[in-house]
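Bear in mind that the values in this text are calculations on the coordinates, not laboratory data. Not measured: the values here are computed from a predicted model. Quick reminder, even Gly has a Cβ in these numbers, built from the backbone with ideal geometry, and neighbours come from all protein chains shown.
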Amino acid sequence: MAEKLTKAERREIAREKARVLQAEQEKREKRNRTLMIGGIVALLALVGIAIWAIVSSGGKSYLDGIDGPANADNRGGISIGSSLEAGTVNEGAPVLNVYADFTCHWCATFEDLNAADLEDMTAEGLITLSLHPVSLLTAPDDYNVYAANALATVAEYSPEHVLQLNSALFAAYYEVYTAYQESGDANDYVLPTRDEVGAMALELGVPQDVVDRFADGEFTEWVQLSTQQFLADGNSGTPTVILDGDKLGNEIYDEGGIRALVEGE
């Protein structure tokens, strides 16, 4: 039978256990400090590399040197001023950048709610509207790429029709998506054909020779690289709406919400 420990012996054992626990705690703290310092150094190195990359790039874009619409900027934006023609601006007015995919139902909803206001504010000189057609989503027959190429072609060769075609393309998709949502039948999700895109443009007054260019895919690479630039600029989903440098939130789905922001500036 083990001898019963005295009070002094129990106290000494307790002290020894405390010394061991304290030593282990000090080791953990030292190791954590070392890891934390290492992490901070690594983070600072990454930040330095990122800053160097930004500075050394000198604002370079995926679109530099690419044949895009002559009236588009190097971030894929097609500007529209009070004449409602592509390539014009409203001097001194805030710029409203709208990044959208022609097969994005939230983009179609945004367009349905805001198209009239955006056109009116642009015509009134309250904003310069900048359209950025991108192709983030996977679509049958690359419809969104084809539609964006068609818009870019119109921006280049029939600039007075670009805003109308943009609205028509989204209205067509909104109709398709709404029918599909109401029925739940995948057979109702039928995107416009390429001929139908051409017919839309012709109905708006786009000349036949311009519509004939749609099939050439002249600006297909520009659309794809505009999408890469959109992502490289730190964006992700569509619609992305930026007013004078500030990314907007759910107010873009409030009817009259953007006008209220613009007029409140």
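Quick notes on this structure:
- Under the convention that each Lys and Arg Cβ holds +1 and each Asp and Glu Cβ holds -1, the size of the dipole of the stretch 129-265 around its Cα centre is about 200 debye.
- Principal axis box of the stretch 72-263, alpha-carbon based, largest edge first, Å: 44, 38, 32
- Hull-based mean projected area of the stretch 205-265, where the convex hull spans the alpha carbons, in square nanometres: 6.6 nm²
- Centre separation in Å (Cα based) which lies between the stretch 117-190 and the stretch 77-114: 10 Å
- Convex hull (Cα only) mean projected area of the stretch 62-154, reported in nm² to one decimal: 6.3 nm²
- Value of Rg to Rh for the stretch 169-256 (Rh from inverse mean 1/r over Cα pairs, i.e. Kirkwood): 1.04
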